[in-house]
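Each remark here refers to the structure printed beneath this line.
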Amino acid sequence: MTPQLFDMKCFYFLLFVILTITPAAKSHPLRAPGSFVDVPQYNGALLPFSDSLEYRIIPGTDQSYGYDIFLKGKLLIHQPSIPCIPGIKGFAKKEFAAKAAKLVIGKIRKGVMPPTITVEEMKRSGIVI
């Protein structure tokens, strides 16, 4: 086999590998903390699945807490830290994480996507940051 023929075969093989792997990588993006999956909506409101939203308090860093929100048993939001401040600091108490999760669930039920919460909303709800 000549060197040119070998180089062409390598080129086409690499091109084939790149073209077959790239679409697969795009279809399964990595999910960052605080991210959410696409939720079916109708006129801006969540479809009749909103009664199957639930949350669980999860451990965060340095003896703090976060929350996971589930829709029909599937993870919708993973939030190990306080959502409206930079960094990885979690809530100091489980009750604060639960109040924040309930705020987010309320926004999801109203069709607000993404269901972000602000520092002011948390303070009004009695959540200490």
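General remarks:
- Fewest-first sequence of Val128, Val112 by Cβ atoms within 10 Å of each Cβ: Val128, Val112
- Between amide H atoms placed 1.01 Å from N, distances below 5 Å from Val112 occur with no residue 5 or more places distant or on a separate chain.
- From phi via Karplus (6.51, -1.76, 1.60), per-residue ³J(HN,Hα) for the range 82-91 in Hz, x at Gly/Pro: 5, x, 9, 10, x, x, 10, 5, x, 6
- At most 15 other Cβ within 10 Å, DSSP loop - chymotrypsin sites (Phe, Trp or Tyr not before Pro), the range 68-129: none
- Per-residue 3J(HN,Hα) values for the range 58-67, derived from phi via the Karplus relation 6.51 cos²θ - 1.76 cosθ + 1.60 with θ = phi - 60°, read 10, x, x, 7, 6, 6, 10, 9, x, 8 Hz in sequence order (x marks Gly and Pro).
- Peptides 103-111, 52-60, 76-84, 119-127 ordered by average Cβ neighbours within 10 Å, highest first: 76-84, 103-111, 52-60, 119-127
- Amide hydrogen proximity for Lys89: with H placed 1.01 Å from N in the peptide plane, the residues at 5 or more positions away or on another chain lying under 5 Å are Ile82.
- Residues Asp68, Asp62, sorted so that the one with the fewest Cβ neighbours within 10 Å comes first: Asp62, Asp68
Every read-out reported here was derived from the displayed coordinates using simple, explicitly stated rules and does not represent laboratory data. Predicted model, so just to flag it, every value in this text is computed and none were measured. Every residue, glycine as well, gets a Cβ built from its backbone with ideal geometry; the counts of neighbours run over all protein chains shown.
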